Amino acid sequence: MLEIQNFLARFPPFDELPESALHQAASQVEISYFRSGSEVLKYGDEIHDLYIVRSGAVEVYRRNGELYNRLEEGDLFGQIGLLMQNRVRFPVKAIEDTLVYCLPESLFTEYCEQYEHFSDFVEVEDTSRLRHAVQASADSHSLATVRIASILTREPTLATADTTVQQVARKMVAEQVSYALITASESEQPIGGKGAQGLSLLGMITEHDLSERVIADGRPLSTPISEVMSTEIETLDANAYVYEAMMLMLRHNTHHLPIVNKGKPVGVLEMTDIVRYESQNSLLIVNSILQQQSQDDLAKLADQVHDCFVRMVQEDANSHMIGSAMAIIGRTFKQRLLELAEEALGSPPIPYCFLALGSMARDEQLVVTDQDNALILDETFQTEQHGDYFEALANWVCDGLNRCGYPYCAGQIMATNPQWRKTLQEWKTCFAQWIDHPDPQALLNSSIFFDLDGVWGHTHWADQLNAFIVERARRNKRFLACLARNALNRTPPLGFFKDFVMEKDGRHNNSINLKRRGTAPLADVIRVHSLAAGSVARNSFERLDDIIDAGILPEGRGPDLRDAMEFISMVRIRHQASDLIAGRVADNNIEPENLSAFERRNLKDAFQVLSQAQNFLKFRYQGNGPLK
């Protein structure tokens, strides 16, 4: 035992422990031996010991198989798994015959609690500690690290715009694919453009398109493919991540996604390509929603949404992936309800756009949510002629959402409220009034309505409205100053000595509301900077990219904000998943004593980042004029 104690005393973090603690550690460690080439830790296995290399060497890998680190005598491994729900995050393999000391979890936890230098060593320091925690979680999910280019299995099937329908169909059969990308004819190509890398993508045709637009319409087989192809198609860069493709395909309910490199087609990602990297859970729910024939049928799917949420958490998806998937599912409910409403009420008398607001528009929706929505109506709208139809439509959809697990908004921010059914011009006038005269109610409305997304109908109206908002707000320094001041109303729950300040609100006494005191004020801070930067992005993480590019924040603050948002969001997400697994009603309130030492320390770091970001708002935006 003395030999073990002397060995531990040579290496950090044990070298700063008192002799009594070293003696305790030496008396409780167990010794394990691993032959060269054998697995020490497997990804996903339970872990209840800290490992110290006594002799030999091991290699630590990321989940995707990439080498992460090589460790030798005196080095530690396994601490991230102990700190994060007792699951191995980084698999380990012996590369030499290796002897390790195994320190039990109970002693590891005791040392983290009692000795600050010990916890600092295993958790890293300050914002670096927070970044390490966020990165460890991201590395554990393959979708967050695998790029699209690495899973493309073949070059794209191409046809020029002057090719006939029959020629394209024959080519699809010959190449055994269900699509073809349509490019400009050779005479229309840029000079020097040869091969796929020199082609301009004009559109796409699928088997479904041929059935619907050629066979069903009785068109001749000599019809040019350009007359029946889809021209409004989504594309994604080959260097994007697989999870981005998954979210885009779910959002637009498409099974074929053209992949480009420098604007030129290099392949088509099909849903079958993603299946081997991700369960079809989210996709199956979206498809199931679109197949339901009534509100009753849709309401039966609510529990499946919760199951999908829990499964994504258990598979180590990050907050952006989970928020996007939940928002896509929510949008799909709205889209199917609107389809059913139009079947029940008849075709709409004039064009319209149904809006999602708030977290759904930002792709940050979780399972504890209500519904926020509105309507943009065509400029020809007349209350006497069209009012009854859109009132009935709004009631039909909002009642359906309530039945499907999206409760009515207590503040009546719903299309059922006539105040939130306006023409595009009326909406622009409304937003202009809020921006030019930022009283408290206008600022409250701005925090809700400035995050909007079109989910049905003439969705380009939503893009036009979003562009109008950003351009007008960006130029109004007084409005930005007022909005910044308003973003200081919800402060992080840290006391003078950086201890947690608890809520005192009855049922959730002695807890912290992670939405009200964490993710919501972070989204508020990011929204102000985003408007100042002229960003039309809706998602907080995407807004941060634009904010960083605009140079608005001091160096390093942007990544810190991203890490803080991710960590607080994931603590909130894991808490809600735990509630659902235990059969409780999910909420946003966590009790710090139920968190691990790792989570408490990093949560304090994240709240400190938020506090610093709010202080910077005061300095950055100093417009004139008091709030009325």
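The values are calculated or read from the model by the stated rules, or taken from the named source; none is laboratory data. All values reported here derive from a predicted model rather than from experimental measurement. Glycine also receives a Cβ, built like all others from the backbone with ideal geometry; neighbour counts cover every protein chain displayed. Just so you know, the surface numbers come from the protein's heavy atoms only, side chains and all, with ligands and any DNA or RNA stripped out. Shrake-Rupley method; radii C 1.70, N 1.55, O 1.52, S 1.80 Å.
Remarks
- The single condition among (1) buried (at least 22 other Cβ atoms within 10 Å of the Cβ); (2) more than 15 Å from the chain's Cα centre (by Cα) that Gln314 does not satisfy is (1).
- The helices (runs of 4 or more DSSP H) found wholly in the stretch 288-388 and carrying at least 3 residues that are among the β-branched types (Val, Ile, Thr) occupy 302-314, 319-345.
- Members of the stretch 433-445 that are under 15 Å from Arg474 (Cα atoms) and either assigned by the TED database to the domain that holds Glu379 or open to solvent by 60 Å² or more (accessible area, probe 1.4 Å) (or both): Gln433, His437
- Listed by position, the strands (runs of 3 or more DSSP E) contained in the stretch 12-97 that have at least 1 residues being closer than 26 Å to Val571 by Cβ are 39-41, 49-55, 58-61, 67-71.
- When residues of the stretch 367-409 are limited to those that are at pLDDT 95 or above, within 23 Å of Arg527 (Cα to Cα) and of a type in the set (A, V, I, L, M), the one surrounded by the most Cβ atoms within 10 Å (Cβ to Cβ): Ile376
- Among the residues of the stretch 16-33, just one is open to solvent by less than 50 Å² (accessible area, probe 1.4 Å) and either among the polar types (S, T, N, Q) or within 40 Å of the chain's Cα centre (by Cα) (or both), namely Ser32.
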